[in-house]
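The numbers here are math on the coordinates, done by the rules we state, and not lab data. Given the structure is predicted, the values throughout are model-derived calculations rather than measurements. FYI the Cβ positions are ideal-geometry reconstructions off the backbone, even for glycines, and counts take in every protein chain you see.
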Amino acid sequence: MSRAPDAFEESAYRTLRWRLIPFLMLCYVVSYLDRVNVSFAKLQMLDDLHFSDTTYGLGAGIFFIGYVLCGVPSNLVLHRVGAKTWIAIIMVTWGALSALMAFVTTPSQFFLLRFLLGAAEAGFNPGIILYLTYWFPGTRRTRMVSMFQSAVPISGVIGGPLSGWILDHMDGRLHFRGWQWLFLIEAGPALILGLLAGCFLDNGIAHARWLTSAQKGLLSRTLRQESELKELSSVRAILADARVWRLSLLALGLVIGVYSVSFWMPTLLKEAGAHSSTTIGWLSAIPSIITIPSMLLFARSSDLRRERRWHVASAALLGALGLLCGAMFSDHLILAVLGLTLANVGLMSAVPMQWSFVTAFLGGAGGAAAIGLLNSVSNLGGLVSPPLIGWLKDTTGSIEVGLAVIATLSVTSALLALSVPARIANR
């Protein structure tokens, strides 16, 4: 008799997982691809448009000004109107803006569109983190968030070879350069999935017609029991909560590392000896291929052991080691790929696990605001790392110093993870 409820519960959560996670992952693959495909476009567009590395770094980073400004408001809107409508609006908007990147001719246009693209995408990742709290309890959520965010390395597996192929094989078609085709082609899926999201997503358990009444009852009871342990704070209180700001700084150090790898990997590989865009595309897929199972193994271990701090810290330290290896061996292709792989595995594994800290103790509108704030502050990393590394590269002639600086920030994040009280971290 005691095993029947366990089997029923597992069946209910399996239904949830297969209904929600694959579609959300696909949307995030497209989101991340449209965010960082500028790193491949850089291989052609800088010469065509006479942009410097500093201009590219600023344009890559200015995306995150819009992203930071709109993250909290967007999550509050989603909490009020539901994911069904809001996620669809977000995706269609960023798809249209990404396509317009193909027609950039000046730095001002480049900066403006990157800013608007960041504002449009701001609500997607924190919105889905919030959305998952409407379906999964904390004991299962780390795995779900890691599965969802494994879309980032998946986008690398798909996007690297695809972007390299577009640059090499579409160049000159219909008088468009390869980098212009890259933006046009890779914007299409966001428009299509945005329209499907309005039909496919439900706003919560009560609205899910694909769940039975018994499944709805079980899932709702589990979430109600968990919510009784959470604090319900106002948005103003969240902005003054030192715990939320400390967790935001933890995430900031990790995300700076993630974006350093994402935006500069093609350049690093080219300088290490890879010559064609197609070769760079395939090599850039290697770190992503290895990262996907690593993220899921880290998350599974964290959930099964109900331990968060050391899992996040160890992954962050692995990321720092990989960044240092990338800096030390930037002139050796194989060792550079190895270093970038270690960095990607560590940093990408740490990011989804650290979400378990803030979602463990905050709920309601305050929880929505906290998730939006943490996401916004952490994504200042995208504003900091591309311009910083671009400036250091223009100034020193190499990228090694920038990677070493980023590695120290990953170590700081590891120390911040260990400072989180166990009573919060391990719920």
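So the values come out like this:
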{"item": "Cα pair distances exceeding 22 angstrom across region 206-315, given as percent", "result": "63 percent"}
{"item": "Kirkwood Rh (inverse of mean 1/r, distinct Cα pairs), region 3-425, angstrom", "result": "21.5 Å"}
{"item": "Within a Gaussian network of the chain (alpha carbon springs, distance under 10 Å), most fluctuating of 195, 317, 347", "result": "195"}
{"item": "Difference of contour (0.36 nm per residue) and Cα-Cα distance, residue 207 to residue 17", "result": "66.8 nm"}
{"item": "Geometric extent, Cα atoms of region 45-174 - Rg, Dmax (angstrom)", "result": "17.3, 53"}
{"item": "Modelled label reach - residue 395, point 7 Å along Cα→Cβ, region 24-57 residues with backbone N closer than 16 Å", "result": "53-55, 57"}
{"item": "Residues 294, 98, sorted so that the one with the fewest Cβ neighbours within 10 Å comes first", "result": "294, 98"}
{"item": "Calculated FRET efficiency for the pair residue 200/residue 240, C-beta based, R₀ 41 Å, to 0.05", "result": "0.60"}
{"item": "Between 0 and 90°, nearest 10: helix 277-305 axis offset from the chain longest Cα axis", "result": "20 degrees"}
{"item": "Sites residue 224 and residue 282, calculated FRET efficiency, Cβ-Cβ separation with R0 60 Å, nearest 0.05", "result": "0.75"}
{"item": "Shape call, region 156-277: gyration tensor on alpha carbons, a/c limit 1.5", "result": "oblate"}
{"item": "Two-site label geometry, residue 134 and residue 408: point separation in nm, points 7 Å out along Cα→Cβ", "result": "4.4 nm"}
{"item": "Least to most buried among 134, 259 (fewest other Cβ within 10 Å first)", "result": "134, 259"}
{"item": "Charge context of residue 274, other residues only, Cβ under 14 angstrom, K/R +1, D/E -1", "result": "-2"}
{"item": "Whole-number percent relative contact order across region 3-425, with pairs defined as alpha carbons under 8 Å at least 6 apart", "result": "26 percent"}
{"item": "The chain: calculated mean residue ellipticity at 222 nm from DSSP helix runs of at least 4, using -39500 (n - 2.57)", "result": "-28500 deg cm²/dmol"}
{"item": "Tilt relative to the chain, helix 138-149 - C-alpha long axis, 0 to 90 degrees, to 10", "result": "20 degrees"}
{"item": "Two-site FRET efficiency, residue 306 against residue 249, from Cβ-Cβ distance with R₀ of 30 Å, rounded to 0.05", "result": "0.80"}
{"item": "Order of 403, 269, 113 - criterion: other Cβ atoms within 10 Å of each residue's Cβ, fewest first", "result": "113, 269, 403"}
{"item": "Choice from 180, 225, 215 showing the highest fluctuation, given a GNM over the chain with Cα pairs closer than 10 Å", "result": "225"}
{"item": "Cα-based shape type of region 290-335, given that a ≥ b ≥ c are square roots of the gyration tensor eigenvalues and the cut on a/c is 1.5", "result": "oblate"}
{"item": "Using alpha-carbon coordinates, inclination of helix 380-396 to the longest axis of the chain, degrees", "result": "20 degrees"}
